[in-house]
1. So for the pair Trp88, Glu75, with labels modelled 7 Å out along Cα→Cβ, what separation do we get in nm?
2. Counting only other residues whose beta carbon sits under 11 Å from that of Gln72, what net charge do I get with K and R as +1, D and E as -1?
3. In whole Hz, with x marking every Gly and Pro, tabulate ³J(HN,Hα) for the stretch 82-93 from phi via Karplus 6.51 cos²θ - 1.76 cosθ + 1.60, θ = phi - 60°.
Amino acid sequence: MTRILLAVGALSIGLALFAPLSPASADIERACKQSDRSSSRSLCTCIGRVADAKLSRSEQRKVAKWFSDPDQAQEVRQSSSVSDNRLWKRYKDFGQTAAQVCS
C-alpha cells in the first residue's frame, strides 16, 4: 500500500513538472533566479513546478519572499502560531521534494 501511495505521489509531481507554471510559482521561480545563490534557470523552473504541486498559491507568494529575506522564514519557523507551524511543515515537505526531484 505504501509503495502505491509513493508511486501515485511521484506520478502527480512528475505530471506537475510538465504543466504550465501558475502565477504564484512564477514568483518562486523569479525569486530563485534573483537570489544570491547561483541557481540555473532549469533548477529554478523545476523548483517552481514542485511549488505548484506542494504549496497553495498564497503559500507560494509568502515563500517567494523568503528568497530575498530569509529572516521571514526564520520567524515562521520559530513561531508558535498554528498556521505558521502548518506552513513550515508544508515548506519542509516542499523543500525535500524539490531536493529529490530537481537535483
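Bear in mind that the values in this text are calculations on the coordinates, not laboratory data. Since we're looking at a predicted model, the values are computed, not measured. All Cβ positions, even for glycine, are placed from backbone atoms using ideal geometry, and neighbour counts span all protein chains on display.
1. 1.4 nm
2. Result for the neighbourhood of Gln72: -1.
3. Here the 3J(HN,Hα) series is 4, 5, 5, 5, 5, 4, 4, 4, 5, 5, 4, 4 Hz.
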